[in-house]
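**Q** Got a structure for you, questions after.
What follows is calculated from the coordinates using simple rules that are stated; it is not laboratory data. All of these numbers come straight from a predicted model, not from anything done at the bench. For neighbour counting, all protein chains shown are included, and Cβ atoms are generated from backbone atoms with ideal geometry for every residue, glycine included.
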Amino acid sequence: MRLTITEECRYLRTPDNRFWVDFGTGYALWARYLAAFDEVRVVARARDVPEIPPNAVRVDGDGVTVAPLPHYLGPQQYLRRLPRIDRAVRRIAADAEAVLLRAPSSIATLMHRHITRRGLAYAMEVIGDPYAVFAPGVIEHPLRPFLRVWSTRNLRRQCRSAVAVSYETKRSLQERYSTRSGALSIGLSSVNLPPAAFVREPRPPRLPAGPVTLVSVGSLEQLYKGIDTLIEAISLLRSSAPPVRHVHIGPGRCQPVLEDLATRLGVRERITFAGLITDVEALRRHLDAADLFVMPSRTEGLPRALIEAMARGLPAIGSRVGGIPELLPPEMLVAPDDPDGLANAIRRALADPDAMAAASRRNLAVAREFAADRLTPRRSEFYRAARDLMAERGPLPQSAAPAVESVQQERRPV
């Protein structure tokens, strides 16, 4: 059986008709599904490029193909090219045997529309929360209120009619996007850490000999990672001893805005923007050199960057959003958009070597739950169960296909 999967990542296609990704996961991600399916077809937008970009990773390979869609960036390009995109999705849906929607995703929404018209059973992987992503203050866009209602409604509807749903979190996504009665539902992270991701031992109690280093990781395309909140917190720690410095790893168009903020607050010399680091060992060296990982996000699913930091035995502070409370204890959590609370939490953590050592032990133990040898069998079992349910159900009766709802009708409290 061939599995068709929708994906939001943007791919690159070279003249030899091979597909690459320069920021994201390549073939290894899609090869996981071959444990249950004979072939995997990934549906994603693709842009033609003349040659392989530096540091790009191959996407297609043995058993994995890509069905390319017209390329677009942002909601406005998507709307302009929607007729072409929709025609391409409809052609792909017409011969689909089994479908898995990775959501939230506008591509998944198009695919859902066409496969439900065919009455085809499908499975899902819910990897994010559009209600949180499009919340006020997270993304600045004139269509944000509409996108929040539209995408939340679509994801709810998709989950309600799927035969099997895997959620990135243990609790938080399930509470907002529940399945119908009788559907297979499981909390199963897509994070898959290899043995080399883990340090052997947690950190011992120690007082820093010099400046302490905070590290954060994440895209700066939008401000939802809350790095502006962290910069404000660092400005409140200027008189702390020992002094605090900050390294952020990750690129994005908001970096100049954050640099200006740091300059205005008088802490620019304390902050390093390290940009994109594609070398895994180099990233781990940055984590190992830091004293505290900080994730002051305004929205999250189950953040891989935090889990990777925890696997290095690195103490961490995060905001009380999304799946972060599933990873960190209450004493290491703060409210989003609260520079004072974040500064106080950092100050308390750095002043208590025993508590930092305890956090290192706990974080390493929690991260081991995401080791590949633990998660791979569970993931393969879910894929096989979803395959069997899709094959068993066959085409859904037309009465089971969800009715089209207007955006204005979706006004339930969340």
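**Q** What whole number of Å gives the distance from the Cα centroid of the range 201-264 to the Cα centroid of the range 89-140?
**A** 35 Å
**Q** Rounded to two decimals, what is Rg over Rh for the range 17-169 when you use alpha-carbon atoms and the Kirkwood radius?
**A** Rounded to two decimals, Rg/Rh equals 0.95.
**Q** Going by alpha carbons, how many degrees (0 to 90, nearest 10) lie between the helix axis of 353-367 and the longest principal axis of the chain?
**A** It works out to around 20 degrees.
**Q** Between residue 348 and residue 285, what is the label-to-label distance in nm when each label sits 7 Å out along the Cα-to-Cβ direction?
**A** 3.5 nm
**Q** Another question about this same structure. Helix 255-264: angle to the longest alpha-carbon principal axis of the chain, degrees 0 to 90, nearest 10?
**A** Roughly 30 degrees between the two axes.
**Q** Sticking with this structure for a sec: In degrees from 0 to 90, rounded to the nearest 10, what is the angle of the helix 339-350 Cα long axis to the longest principal axis of the chain?
**A** With both axes taken from Cα atoms, the answer is about 70 degrees.
**Q** Taking 2.2 N^0.38 Å as the expected size of a compact globular protein, what ratio does the Cα radius of gyration of the range 13-86 give against it, to two decimals?
**A** Values: Rg = 13.4 Å, N = 74, 2.2 N^0.38 = 11.3 Å.
For the range 13-86, the normalised Cα radius of gyration is 1.19.
**Q** Looking at the chain from every direction and averaging, what is the projected area of its Cα convex hull in nm²?
**A** Projected area, direction-averaged: 20.3 nm².
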